[in-house]
1. In the range B:94-121, what count of residues is obtained for those that are among the hydrophobic types (A, V, I, L, M, F, W, C), facing chain A (nearest Cβ under 9 Å) and open to solvent by 10 Å² or more (accessible area, probe 1.4 Å)?
2. Cβ-Cβ under 7 Å, sequence separation 6+ or interchain: first residue in the range A:1-25 and polar (S, T, N, Q), partner in a helix (DSSP H, G or I). Which pairs?
3. What is the number of the single condition among (1) within 10 Å of another protein chain (Cβ to nearest Cβ); (2) crowded, with 17+ Cβ neighbours inside 10 Å that A:Ile150 does not meet?
4. Can you tell me how many residues within the range A:2-38 are on the phi > 0 side of the Ramachandran plot and either surrounded by fewer than 17 Cβ atoms within 10 Å (Cβ to Cβ) or modelled with pLDDT of 85 or more (or both)?
5. If we scan the range B:54-66, do we find a residue that is more than 14 Å from chain A (Cβ to nearest Cβ) and either in a helix (DSSP H, G or I) or aromatic (Phe, Trp, Tyr) (or both)?
6. Which ones in the range A:105-122 are touching a residue at least 60 places away in the same chain (Cβ under 8 Å) and farther than 13 Å from A:Leu89 by Cβ?
7. Would the range B:32-42 turn up any residue that is out of contact with any helix residue (DSSP H, G or I) (no Cβ under 9 Å at 6 or more places or on another chain), open to solvent by less than 80 Å² (accessible area, probe 1.4 Å) and assigned to a strand (DSSP E or B)?
8. Scan the range A:68-89 residue by residue and report those that are more than 11 Å from the chain's Cα centre (by Cα), within 13 Å of chain B (Cβ to nearest Cβ) and either open to solvent by less than 60 Å² (accessible area, probe 1.4 Å) or farther than 16 Å from A:Leu39 by Cβ (or both).
Amino acid sequence: MKTKKVAYLGVFLALALILSYVESLIPFYFGIPGVKLGLTNLVVVVMLYCTGTKEAFGISMMRIVLAGFLFGNMFSILYSLAGGILSFLIMYLLKKIGKLNVVSVSVAGGISHNIGQLVVAAVVVETYNIFYYMPVLMIAGVLTGFLIGILGQEFIRRFQILNKTQK
Amino acid sequence: MRLLNKKRIGKNDIVFIGGLLAIAVFLFVLMQFVRGGSGAYVEVTVDGEVYGTYALAENQTVEIKKDGKVTNVLSIRDGKADMTDADCPDLLCVHQRAISKEDETIVCLPNKVVVKIIKAKEKNNIDSIAG
């Protein structure tokens, strides 16, 4: 059982890193720093539902640090960490309340990821009007979070069915 | 492990996402009212300190230097300010659109350069005291 878990986590981390790479290849600019497609959030959402909170958080953090060294720089690690931790916290709480489905959890994660990054950016550059970008960040977060949520939901259903038939 | 219920998007989700979108649109509309018309000057700050203020009416190219090295190039043309070059790898600031309205900003995070449109040239009291 333990070996199986290690293998699963390894696959998830690899998947998250590949999605990071894919995202770094797509020239997807909203014209605002901090807004990204959030493909890797797919892995976090799926893990939150399928493997548990601790594992999801661990993989998310490892992904950010590794992807930062591979495709980014120290700055991008800092921004990603802020966004990653905030969005994880929000998604975890929403999931725990249990009134909402995967799509909503993912949307909330998308928005909070963008906001977390922007807050750090504002702190770093010292003079930066965050609230000016708030609406755009929210709309972008809803759109990308929605897409990721739909994908994640399908993934989670299949994953759970697979797990059930294996036992 | 409990299977997810069959319904993919429930009533709660529609209310939640709809609510967020409504807030976003409300804020967006609010911003349009709060935001002033077109600004007259561009203020460049590096590391939170004012680097220089330039008139939008004048076509010019501003080289932003840090430690004697040119880090960013700002072009002012036809009343719009646009970052045309930067030495950072991601070039996010260069990809941003040209700005002309008050409070609009272009930010280069790696170099901590902020370009902001302001209405009027302000006297920087902090600098004159410190200087």
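1. 1
2. Between residues of the range A:1-25 that are polar (S, T, N, Q) and residues that are in a helix (DSSP H, G or I), the close pairs are A:Ser20/A:Arg63; A:Ser20/A:Ala67; A:Ser20/A:Phe71; A:Ser24/A:Phe71.
3. Exception for A:Ile150: condition (2).
4. Of the range A:2-38, the ones on the phi > 0 side of the Ramachandran plot are A:31, A:34, A:38.
From the residues that got through so far, the ones that are either surrounded by fewer than 17 Cβ atoms within 10 Å (Cβ to Cβ) or modelled with pLDDT of 85 or more (or both) too are A:31.
Within the range A:2-38, residues that are on the phi > 0 side of the Ramachandran plot and either surrounded by fewer than 17 Cβ atoms within 10 Å (Cβ to Cβ) or modelled with pLDDT of 85 or more (or both) number 1.
5. Kept after step one, since they are more than 14 Å from chain A (Cβ to nearest Cβ), are these residues of the range B:54-66: B:54-63, B:65.
The next check asks that each one be either in a helix (DSSP H, G or I) or aromatic (Phe, Trp, Tyr) (or both); those that pass are B:54.
Checked the range B:54-66: at least one residue is more than 14 Å from chain A (Cβ to nearest Cβ) and either in a helix (DSSP H, G or I) or aromatic (Phe, Trp, Tyr) (or both).
6. Step one: filter the range A:105-122 for residues touching a residue at least 60 places away in the same chain (Cβ under 8 Å), giving A:105-106, A:109-110, A:113-114, A:117-118, A:121.
Hits for the range A:105-122 are A:Ser106, A:Gly110, A:Asn114, A:Gln117, A:Leu118, A:Ala121.
7. If we filter the range B:32-42 for residues that are out of contact with any helix residue (DSSP H, G or I) (no Cβ under 9 Å at 6 or more places or on another chain), which is where we start, we get B:32-34, B:36-42.
Cutting the leftovers down to open to solvent by less than 80 Å² (accessible area, probe 1.4 Å) gives us B:36-37, B:39-42.
Right, trim to assigned to a strand (DSSP E or B) and you get B:41-42.
So far as the range B:32-42 goes, yes, one or more of its residues are out of contact with any helix residue (DSSP H, G or I) (no Cβ under 9 Å at 6 or more places or on another chain), open to solvent by less than 80 Å² (accessible area, probe 1.4 Å) and assigned to a strand (DSSP E or B).
8. A:Gly68, A:Gly72, A:Asn73, A:Met74, A:Phe75, A:Ser76, A:Ile77, A:Leu78, A:Tyr79, A:Ala82
The values are calculated or read from the model by the stated rules, or taken from the named source; none is laboratory data. As the structure is a prediction and not an experimental result, all values here were calculated from the model. Note that each Cβ is placed from the backbone with ideal geometry, even for glycine, and that neighbours are counted across all protein chains shown. Each accessible area value is taken on the protein alone, full model and side chains, heavy atoms only, with ligands, DNA and RNA left out. Shrake-Rupley method; radii C 1.70, N 1.55, O 1.52, S 1.80 Å.
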